[in-house]
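Right, one structure below, let's go through it.
The values are calculated or read from the model by the stated rules, or taken from the named source; none is laboratory data. As the structure is a prediction and not an experimental result, all values here were calculated from the model. All Cβ positions, even for glycine, are placed from backbone atoms using ideal geometry, and neighbour counts span all protein chains on display.
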Amino acid sequence: MYLLVVVVSLLLNSVPTQSPPDELQVIKQGLQSFAGVSCIRFVPHEGQRHFLYIKSHSGCYSYLGRQGGGQVVSLQRHGCVHHHIVQHELLHALGFHHEQNRSDRDKHIKILYENIQPAQKYNFMRRETNNLATPYDYNSVMHYKRYDFSKNNKPTMIPIPDRNVVIGEAQSMSRNDILRINRLYCSTLCLYCHLHL
């Protein structure tokens, strides 16, 4: 039997040259965290045509899924260099939406559009997603917090039916985040699915 390994080439540009060693270590640990629970491996860029280009731009962001060529993942030095944010942005690069965008989200959260900053409403739009036969996950590293992008200090979303459920507080990938990576990228016989589950 062969083990499928998905290799993602990676170029760390301005992050290591301008960041203290502890910030670089946080980024490296975030990258390495995928190897212990999935077939995903981030390796140094050595001329590959397609690669992730980690930079310190303005904000924390990544395009959704592979774009081709040098694909920027921005981890701004002040505010984005945290383990859960590194994982969050890498999951976007691997093709994963925010949890609150899931096609089945209306059974689990109520979006309060009247409280959302107009320029950020796209982050709360329901999408047709492949949920990979996993349940909605309030503990996903891809879930926003209750007040994220609020324009008036009121919640932008509330869990239903229990409005007291904690959302958006994950400090690392959840069991379901890991399961989804493995179902999407790693073989149908998932050798990693038992880890952390």
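Quick notes on this structure:
- For region 170-197, a tally of residues being modelled with pLDDT of 95 or more, in a loop (DSSP other than H, G, I, E, B) and under 21 Å from N131 (Cβ atoms) returns 4.
- When V43, V7 are checked against the criterion of being modelled with pLDDT under 90, surrounded by fewer than 16 Cβ atoms within 10 Å (Cβ to Cβ), touching a Lys or Arg at 6+ places or on another chain (Cβ under 7 Å) and within 21 Å of M173 (Cα to Cα), a single residue qualifies: V7.
- Number of residues in region 128-167 that are small (G, A, S) and surrounded by 21 or more Cβ atoms within 10 Å (Cβ to Cβ) equals 1.
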